[in-house]
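Quick notes on the structure that follows.
Since every read-out is calculated from the coordinates, none of them should be taken as a lab result. Given the structure is predicted, the values throughout are model-derived calculations rather than measurements. Neighbour counts are summed over all protein chains in view; Cβ atoms, including those assigned to glycine, are modelled from backbone coordinates with ideal geometry.
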């Protein structure tokens, strides 16, 4: 087996220092709206409690979060797109964004810590631990710039469609990841929703009908809601490059898309890049 490159080895060490397993962090990918909704549910056990707060990781300690939050009552926890919003007494708000490898864990109070978590919130019997949480801010201004949330019940589909049409030449797959237009969809559910609606990620928004956009968004809403409610989610397109399409057998294709070069997955046969 070839030795890991210095860059790869450095990343493994960074993850290890943060208390994360490299392989698990790599496979999970960026948490999407359904993951944050499930995390918000888990953290409900601390709502109503006066929490003790620690920031063992030095990058979190410099933010002075413990000084601002320690001893306050946690009033609520909610997901907003790919963000987690924690509301404390006296109007104090904490925003957490997990990016690629962050995760929240809820466990019995006083459990042994391995590594240095970014944040620990301790209640009477349970504690919430944030590992590798690169975005922690004491305001929710970023959330106010988000588009309608795909997990809203019911979802605001007309507003989402209007937002997507702001840039008619943009590829629909790229537009779906723009959190200012639709909040909560990431690369996994983009691929799955587009496959379900039989629309190529490369089709321009201008060449996509309102009915097709509605079908894509409705599919994303239903798939992600199922993931939240059952803890399970199907994968028929995402990360299946070269394998046969579950509908027609044509090999799934994959290519980087958009400024962030996030990999798009699609079936070239049943997801045409032109409207029928």
Query raised in the report: Got the relative contact order for the chain handy, in percent, Cα pairs under 8 Å and 6 or more residues apart?
Result: 15 percent
Query raised in the report: Counting each DSSP H run of 4 or more residues in the chain as -39500 (n - 2.57), what helix-only mean residue ellipticity at 222 nm follows after dividing by all residues, to the nearest 500 deg cm²/dmol?
Result: -9000 deg cm²/dmol
**Report entry** Principal axis dimensions, largest first and in whole angstrom, of region 135-276 by Cα
**Finding:** 48, 35, 28
Query raised in the report: Order of 74-82, 137-145, 247-255, 193-201 by packing, highest average Cβ count within 10 Å first?
Result: 193-201, 74-82, 247-255, 137-145
Query raised in the report: Taking the chain as a Gaussian network, where each spring joins two C-alpha atoms under 10 Å apart, which residue of 133, 258, 102 fluctuates the most?
Result: 258
Query raised in the report: Which whole number in µm²/s is D for region 206-249 by Stokes-Einstein, with the Kirkwood Rh taken over Cα pairs at 20 °C and 1.002 mPa s?
Result: 173 µm²/s
**Report entry** Mean shadow area of the chain over all directions, Cα convex hull, nm²
**Finding:** 16.3 nm²
**Report entry** region 63-121-region 215-239 distance, computed between alpha-carbon centres (Å)
**Finding:** 27 Å
Query - Kirkwood Rh in Å, taken over all unlike Cα pairs in region 62-180 - result: 16.4 Å
Report task. Please report, in whole Å, how far the alpha carbons of region 177-245 spread along each principal axis, starting with the longest. Result -> 35, 29, 19
Query raised in the report: With labels modelled as points extended 7 Å from the Cα through the Cβ direction, what inter-label distance (nm, one decimal) is found for residue 145 paired with residue 270?
Result: 3.9 nm
**Report entry** Reciprocal mean inverse distance between Cα atoms of region 99-147 - Kirkwood radius, Å
**Finding:** 12.4 Å
Query raised in the report: Sorted by packing (mean other beta-carbon atoms within 10 Å per residue), highest first, where do 223-232, 91-100 land?
Result: 91-100, 223-232
Query raised in the report: If you take the alpha carbon radius of gyration of region 136-194 and divide it by 2.2 N^0.38 Å, what ratio comes out, to two decimals?
Result: 1.16
